[in-house]
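The values are calculated or read from the model by the stated rules, or taken from the named source; none is laboratory data. Quick caveat: nothing in here was measured; it's all calculated off a predicted structure. Positions of Cβ are generated from backbone atoms using ideal geometry, with glycine treated the same way; all protein chains shown enter the neighbour counts. The accessibility values were calculated without ligands, DNA or RNA, using every heavy atom of the protein model including side chains. Shrake-Rupley method; radii C 1.70, N 1.55, O 1.52, S 1.80 Å.
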Amino acid sequence: MNIQFLGGAHEVGRSAILVNDSLLLDYGMLTGNPPQFPVGDVNPDAVVVSHGHLDHVGVLPSLLSGDDRPPIHWTPPTRELALLLARDTLKLHGGSYDCPFTEADLKRLRQVSVPHGYRETFEAAGHEVTFFDAGHIPGSAHVLVDDGETKLLYTADFHTGNQQLLSGTTARPDADIVICESTYSDVEHGDRKEVEARFAESVKTTLWEGGTVVVPAFAIGRTQEMLLVCEAHDIDCYVDGMGKEVTRMLHRNAEFVRDGDALKRAISNARFVTGKNGQRKRIARKNTVIVTTSGMLSGGPAMTYIPAIRTNPVNKITMTGYQVEGTPGRELLDSGRGEIDGRVMPVSAQVESYDFSAHADRNGLLDFLDSYRDSTVLVNHGDRCEAFAEELREEDFDASAPELGESYVDTH
């Protein structure tokens, strides 16, 4: 088996792995200015997609700009999320370098879509492929690839702990080679129930004091998690941004969440914002909770809510996800100031951060890999891939961290 790393090696972003020159696993982008795309020219016979995040699906439509139409295999939620993200990229960046595909490419994406459920083995580019629930976001999958000689497990992004939205992964299929993510290989998450309890207590305190709480949250997964947390702790809330559409989609695909009835209750508990006729500014003056995009304050309805609540020290902004360096969210956490819509604003409202990560932490990664001590482990999707591979070697794993563009050839 020949495995080529076209992206996601020693980085978080533009995940893309080519197997035996024919089967492509993921095809994402690394957001930035300018964004970065997978390296090399690729012309796969089939594409298999692990989950619907921009760094794994961001440039999929560009594969269809030529004469070839490789089938794209994914779970139903991943299909919906990929189409949603592609439409958003076209709306924001269509016609520029930041968007390497067209509306026509997006239409073709729908035509070549082949959906699959978990544990349903299918054929793709001459390989047997099976999806297993990865516990990261709804529809996310570990991908097991069998070429008849070697079994490759591509973990993609995964979580071993339970969330309100999803149960942690329990799948450990036999594999000769494991490509393992390492996003939080040097981090230990706090106890999830304790994090939820601290968040709920903080929010309720602010509401009791008469304040407004803005909860910036990623549209995919995190928004729905926060709606479930609010419902579980009897906190009324509004929901705004792209997360509204994702929430409705997951309601239609409830078999891919931990508890469809709980999600239904959370949706009933939340009021969906239309944004019409100055509604957001009126809501910002209320004694309430607003779950909204963007999770890093780089756009979305948060651009209305944050300026509206920033001057009152009773109000609160609760960050619920990792804030990448250089983003307004990170600047706000570090300095108490935030660049909102091009203006740097001092923020008197309280700013807090909670770890609601949907990735396995160091203990989760090691627990997962303990089932693969006799396998070859290739570390990717992290900013300390080589360090984690070295730590695994010290624990007697056969582990390495391939470079961008490098190929691993299995000689067993």
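Within the bounds of segment 199-206, is there any residue that is acidic (Asp, Glu) and touching a His at 6+ places or on another chain (Cβ under 9 Å)? There is at least one residue in segment 199-206 that is acidic (Asp, Glu) and touching a His at 6+ places or on another chain (Cβ under 9 Å).
Which of the following residues is open to solvent by less than 60 Å² (accessible area, probe 1.4 Å) and within 26 Å of residue 166 (Cβ to Cβ): 383, 367, 361? The match here is 361. The residues of segment 358-397 that are under 21 Å from the mean Cα position of the chain (by Cα), small (Gly, Ala, Ser) and not in a helix (DSSP H, G or I), listed by number, are 358, 360, 382.
Of all residues in segment 275-296, those satisfying the criterion of being open to solvent by less than 30 Å² (accessible area, probe 1.4 Å) and either hydrophobic (A, V, I, L, M, F, W, C) or not in a loop (DSSP other than H, G, I, E, B) (or both) are 283, 284, 289, 290, 291, 292. Determine whether segment 298-316 contains at least one residue that is open to solvent by 10 Å² or more (accessible area, probe 1.4 Å), over 21 Å from residue 225 (Cα atoms) and of a type in the set (Ser, Thr, Tyr). Yes, there is a match, as at least one residue in segment 298-316 is open to solvent by 10 Å² or more (accessible area, probe 1.4 Å), over 21 Å from residue 225 (Cα atoms) and of a type in the set (Ser, Thr, Tyr).
Filtering segment 195-210 for residues that are within 30 Å of residue 24 (Cβ to Cβ) and not hydroxyl-bearing (Ser, Thr, Tyr) leaves an empty set. Restricted to segment 326-338, and to residues there that are within 25 Å of residue 53 (Cα to Cα) and not β-branched (Val, Ile, Thr), the residue that is surrounded by the fewest Cβ atoms within 10 Å (Cβ to Cβ) is 326. The residue of segment 14-36 that is modelled with the highest pLDDT, among those that are outside any loop (DSSP other than H, G, I, E, B) and surrounded by fewer than 24 Cβ atoms within 10 Å (Cβ to Cβ), is 18.
If you go through segment 339-356 one residue at a time, do you hit one that is open to solvent by less than 10 Å² (accessible area, probe 1.4 Å), under 21 Å from the mean Cα position of the chain (by Cα) and closer than 26 Å to residue 192 by Cβ? The answer is yes, given that some residue of segment 339-356 is open to solvent by less than 10 Å² (accessible area, probe 1.4 Å), under 21 Å from the mean Cα position of the chain (by Cα) and closer than 26 Å to residue 192 by Cβ.
Residues are listed down the side, and each one gets a yes or a no for (1) in contact with a Lys or Arg (Cβ under 6 Å, 6 or more places away or on another chain); (2) over 24 Å from residue 10 (Cα atoms); (3) touching a residue at least 24 places away in the same chain (Cβ under 8 Å):
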| residue | (1), (2), (3) |
| --- | --- |
| 40 | no, no, yes |
| 57 | no, no, yes |
| 95 | no, yes, no |
| 101 | no, yes, yes |
| 122 | no, yes, yes |
| 131 | no, yes, yes |
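The set of residues from segment 59-91 being open to solvent by 50 Å² or more (accessible area, probe 1.4 Å) and under 19 Å from the mean Cα position of the chain (by Cα) comprises 79, 80, 87.
Yes or no: residue 386 of a type in the set (Asp, Glu) and modelled with pLDDT under 90? For residue 386, the condition - of a type in the set (Asp, Glu) and modelled with pLDDT under 90 - is not met.
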